[in-house]
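Some notes on the structure that comes next.
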Amino acid sequence: MKQRIAMVAILAAIPATAFAGGPTITAMLAKIPPVPRDAAAAYAQWTDSNGTLSKGPVLAGLESELNGAAKTMMTSTMQGGGSMAMGPVSEHDQAVMKKIQQYPQSVALHSADMHAGLALSGLRDNYDSAVEKLGEAENAEIAKLAVCPGEAGLPSDRAALAVKLKYADQRIALANATLGKEAPLVEGVGRGVAAETTYIDNVFTAWASMSDGMMKTVTHANVVGMQAIGMSDVGLVLTYVEDASKSAAQAVADENRLARDAANAKGC
């Protein structure tokens with residue numbers, strides 16, 4: 001959500017003509033990968049440093065591209081605005097003026113986005129609760145293990161890690177199931193945003209074709225405002241994908257760390 005707010009603030013200051021010649025908002029949306037099919041695919045999107053995850057090349061590249069485009073757009077200036085001379089507005093420009101309206105389904109779209117966000121948050125809460133219960137069961141099973149002599153009443157590292165790995169597998173299975181529920185929600189948001197960005201791109205194309213510089217100036221704020229909203233919604237989709245991916249990837253990273261520890265663990 002912070003990424004979405006930041007995108008609005010940045011892009012609201014961008015001259016609308018800054019988008020000319022660059023990728024359309026819809027093209028930027030199309031670069032966002034879907035929610036990973038499973039935890040293994042999610043893990044592949046991240047760089048693992050002993051259990052601490054950072055964005056891999058694809059996700060980091062996407063974020064860099066979006067931020068870079070925004071910064072480039074901010075430095076652009078209004079060019080080719082057309083004649084500012086007073087006179088009759090052409091029929092073409094009059095027709096375009098009528099097209100420069102907010103996305104007709106904007107309220108419905110953002111209501112749907114809000115409901116999807118709440119549903120995703122609910123799935124995350126359910127996942128966290130289930131993981132917590134697995135942790136309790138794991139600790140209870142470890143407490144029942146035979147203890148090693150002279151080890152202050154503790155089981156061997158090898159035995160304890162074997163139990164931990166068993167429950168790590170269950171957390172991965174839980175992550176896979178959660179991804180399966182998150183994917184259709186995020187896909188639905190993406191489809192709605194794609195319809196919105198297509199509309200906004202078409203409005204911009206029409207606006208850019210106007211020859212009357214005065215009319216372009218008058219309508220500039222509306223056009224760039226629509227573009228800012230569209231780009232912020234692209235950022236929202238990316239955030240949803242990243243959040244789902246990282247949560248599942250963490251389950252794999254945790255199991256990998258345990259497996260490394262188990263490889264060097266000793267028995268009693």
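Key figures
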| quantity | calculated |
| --- | --- |
| Condition check for GLU187: modelled with pLDDT of 90 or more, crowded, with 22+ Cβ neighbours inside 10 Å and in a helix (DSSP H, G or I) | no |
| Check on ALA159, surrounded by fewer than 21 Cβ atoms within 10 Å (Cβ to Cβ), within 26 Å of the chain's Cα centre (by Cα) and either at pLDDT 95 or above or not basic (Lys, Arg) (or both) | no |
| Members of segment 74-117 that are surrounded by 14 or more Cβ atoms within 10 Å (Cβ to Cβ), farther than 16 Å from GLY190 by Cα and either of a type in the set (Ser, Thr, Tyr) or at pLDDT below 55 (or both) | SER76, GLY81, GLY82 |
| Segment 29-47, residues that are surrounded by fewer than 21 Cβ atoms within 10 Å (Cβ to Cβ) and part of a helix (DSSP H, G or I) | ALA30, ALA40, ALA41 |
| The listed residue being more than 22 Å from the chain's Cα centre (by Cα), in a helix (DSSP H, G or I) and either surrounded by 14 or more Cβ atoms within 10 Å (Cβ to Cβ) or at positive phi (or both), out of LEU165, LEU120, LEU145 | LEU165 |
| Unmet requirement for LEU145, which otherwise passes all of (1) touching a Lys or Arg at 6+ places or on another chain (Cβ under 8 Å); (2) farther than 29 Å from PRO33 by Cβ | (1) |
| Any hit, segment 227-234, residues being touching a residue at least 40 places away in the same chain (Cβ under 8 Å) and touching a Ser or Thr at 6+ places or on another chain (Cβ under 6 Å) | yes |
| Evaluation of THR219 against (1) within 25 Å of PRO23 (Cβ to Cβ); (2) under 27 Å from the mean Cα position of the chain (by Cα); (3) β-branched (Val, Ile, Thr) (one fails), failing number | (2) |
| Flag if GLY192 is surrounded by 15 or more Cβ atoms within 10 Å (Cβ to Cβ) and not β-branched (Val, Ile, Thr) | yes |
| Residue match in segment 196-206 (condition: in contact (Cβ under 8 Å) with a residue 24 or more places away in the chain, farther than 17 Å from ASP93 by Cα and aliphatic (A, V, I, L, M)) | yes |
| Sole residue being within 30 Å of ALA112 (Cα to Cα) and within 20 Å of the chain's Cα centre (by Cα), chosen from GLY225, GLY188 | GLY188 |
| Flag if GLY56 is surrounded by fewer than 16 Cβ atoms within 10 Å (Cβ to Cβ), of a type outside the set (Phe, Trp, Tyr), farther than 22 Å from TYR199 by Cα and at pLDDT 90 or above | no |
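Listed here are the residues, each with its yes/no results for (1) among the aliphatic types (A, V, I, L, M); (2) in contact with a helix residue (DSSP H, G or I) (Cβ under 8 Å, 6 or more places away or on another chain); (3) under 22 Å from ASP128 (Cβ atoms).
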residue	(1), (2), (3)
LEU174	yes, yes, yes
PRO184	no, no, yes
ALA208	yes, yes, no
SER211	no, yes, no
ALA221	yes, no, no
VAL237	yes, yes, no
ALA251	yes, yes, yes
ASP254	no, yes, yes
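The values are calculated or read from the model by the stated rules, or taken from the named source; none is laboratory data. In this text, all values refer to a predicted model and were calculated from it rather than measured experimentally. Cβ coordinates were reconstructed from backbone atoms using ideal geometry, including for glycine residues, and neighbour counts include every protein chain displayed.
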